[in-house]
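Since every read-out is calculated from the coordinates, none of them should be taken as a lab result. Please read these numbers as outputs of a predicted model, since none were measured by experiment. Here the Cβ positions follow ideal geometry from the backbone for every residue, glycine too, while neighbour counts run over all protein chains shown.
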Amino acid sequence: MQVKTTHRPPRRRSDVNWHELGACRDADPEMFFPESRASRVEELLAVRVCMGCPVMGACQEWALSAEERYGIWGGLTEKDRESILNRRAAAARCETKPVRRRRRPGRAA
């Protein structure tokens, strides 16, 4: 017996119920959680549903802030989210890294 899941994030008090406005609310949840990464066609169909969604940005930010590892969220695949999180982490490291000045040869400090 297969348990059917819904394509909705867990509820929190701070939710504004953006997920209830999503284009995916009436779609088959399995479309957003392809069995394997090889299922590129299913992935593309899910992304296409997200492209016209009025809450796509909120969905993306939720998935990124929750570090959601599986499924299609806001049109972003698992690889897309991983890439964005890696870039954000690299940018944060650059912002906190102290700038070292290079000395010119022959000059006293």
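What to note about this one:
- Cα-centred dipole magnitude for the range 18-96, charges only on beta-carbon of K, R (+1) and D, E (-1), debye, nearest 20: 360 debye
- The tail of the calculated P(r) for the range 18-96 beyond 18 Å holds 41 percent of all Cα-Cα pairs.
- Full-extension gain in nm, ALA90 to ALA58, via 0.36 nm per residue minus C-alpha separation: 9.2 nm
- Here the gap between SER39 and GLU67, fully extended at 0.36 nm per residue and compared with their Cα-Cα distance, gives a gain of 7.9 nm.
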